[in-house]
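None of the figures in this text is laboratory data; all of them are computed from the coordinates on show. This one's a predicted model, so the numbers in the text were calculated from it and none came from an experiment. Cβ coordinates were reconstructed from backbone atoms using ideal geometry, including for glycine residues, and neighbour counts include every protein chain displayed.
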Amino acid sequence: MEYMTPLIGMNLAELESVAAGCGMPRYAARQMADWLYQKRVAKIDDMTNLSKRARATLAEAYCTGREEPMKRVSSADGTVKYLFRGASDRDVEAVMIPDRDRSTLCVSSQAGCRMNCAFCMTGRQGFHGNLSAAQIINQILSVEESESLTNVVFMGMGEPTDNLDAVVRAIEILTATWGLAWSPKRITVSTVGRPDGIRRLLDMTKVHLALSVHSPFGSERADMMPVERAYPVAEVIELLRGHDFAHQRRLSVEYTMMKGKNDDIRHADALARLLRGTDARVNLIRFHPVPGYDEKAPEAGVMTAFRDRLNALGITATIRASRGEDIDAACGMLAGKEKKG
């Protein structure tokens, strides 16, 4: 089957080049963008304000790039997990999380991950390939709840700053007036803390940033997150202190709590010292068991005491409700589905 170039994932300048190459006027690019990102059409022939000849010429080399999810699974708590075609031998998952008046989609940016975080199912499977901007945007456009989404978080499979060109392109499409026209305040990008990627993300976008910390002590964090050896979290925090998150964007810290490993008061005290002066908010996450990693979640009272200690020390902290655990859709549990044959 001949390869067709997807149109979703393209910005306005690229759509203008497509229009010119197909003998269409320049304004046809905005018409295509409207069909792709606002009207969410799946077929070129549905772009009815383009001439029939233009649509036929366009369809010779291009497709919209829309692909329906291969599977949809619902949790008892209303969370929905979608399986999409990924890269190499690994598919990817996106998770829709409803919460009162919010509908948040957690999207993947890679199939697998190079970061190898010990407590993360995605990291334990290794790296299989980057997703294109088209594949990232397709997750947002092709879930059943697409038109009612209020937020997108890049917290699914992969390290977003390890595929930053595609992620930034997806953010451009989400926020541009010719795209979905979202406020960047509706988008959060999670990272393990790669300074080069963080700098580019802060310079090129206005989205919120979430930093995965999980321990304030470098040696302990390195056991869980190998990235600590290359990019110590203390140095990453120092980099972030130089940016104004209070007014332009929000900085949050993700902290997965494990029983007897990173959940006592000395960890809370050290985390407060680490974050002092950053305006960071801490999301405490209950550890969800993954194969091959023999840790357990702390009792609820331990998490509450940890939260209260941080709050008493001037660090805003909340306990994130666990969602979708019964369908392996909670934090750290995404793995995709290995293709057979």
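Among the listed values [x] 10; [y] 20; [z] 42, the one matching percent of Cα pairs over 37 Å apart as calculated from this structure is [y]. Of T318, T175, T161, the sequence from fewest to most neighbouring Cβ atoms within 10 angstrom is T318, T175, T161. Less than 5 angstrom separates the built amide H of E159 from those of R114, all sequence-distant by 5 or more or on a different chain. No disulfide-compatible partner, judged by a Cβ distance under 4.7 Å, exists for the following cysteines of the chain: C22, C63, C106, C113, C331. Note on the chain: antiparallel DSSP beta bridges, both residues inside, total approximately 45 percent of the bridges counted. Amide H neighbours of D279 under 5 Å, counting only residues 5+ apart in sequence or on other chains, H built in-plane at 1.01 Å? HN-HN under 5 Å from D279: empty list. With a threshold of 28 Å on the Cα-Cα distance, the over-threshold entries among K43/K81; K39/K71; K39/K206; K185/K296 are K185/K296. Placing +1 on each Lys and Arg Cβ and -1 on each Asp and Glu Cβ, with no other charges, gives the stretch 143-278 a dipole about its Cα centre of roughly 400 debye.
Other residues within the sphere of radius under 10 Å centred on the Cβ of T191, judged by their own Cβ, net out at -2 (K and R +1, D and E -1).
Residue order for I171, I44, I319, fewest other beta carbons within 10 angstrom first, comes to I319, I44, I171. Backbone geometry of the stretch 219-227 corresponds, through the Karplus equation with coefficients 6.51, -1.76 and 1.60 at θ = phi - 60°, to 3J(HN,Hα) couplings of 5, 5, 5, 4, 5, 8, 10, x, 4 Hz, x marking Gly and Pro.
Charging the Cβ of each Asp and Glu at -1 and of each Lys and Arg at +1, and nothing else, the dipole of the stretch 186-341 about its Cα centre rounds to 480 debye. Rounded to the nearest Hz, the phi-derived 3J(HN,Hα) couplings of the stretch 30-41 under the Karplus curve 6.51 cos²θ - 1.76 cosθ + 1.60 (θ = phi - 60°) are 5, 5, 5, 4, 4, 5, 6, 9, 9, 8, 6, 6, where x marks glycine and proline.
Peptides 73-79, 105-111 ranked from most to least packed, by the mean per-residue count of other Cβ atoms within 10 Å: 105-111, 73-79.
Output wanted: per-residue J couplings in Hz (rounded whole) for the stretch 49-56, from phi through Karplus 6.51 cos²θ - 1.76 cosθ + 1.60, θ = phi - 60°, x for Gly and Pro. Taking θ as phi minus 60°, the curve returns 8, 8, 4, 4, 5, 4, 5, 5 Hz for the stretch 49-56. Legend: ranking of residues C63, C331 from fewest to most surrounding C-beta atoms inside 10 Å; resulting order C63, C331. Dipole size of the chain about its Cα centre, with +1 on Lys/Arg Cβ and -1 on Asp/Glu Cβ: approximately 420 debye, rounded to the nearest 20. Annotation: amide H of H128 within the under-5 Å range of A111, G112, C113, sequence separation 5 or more or interchain, hydrogens built in the peptide plane.
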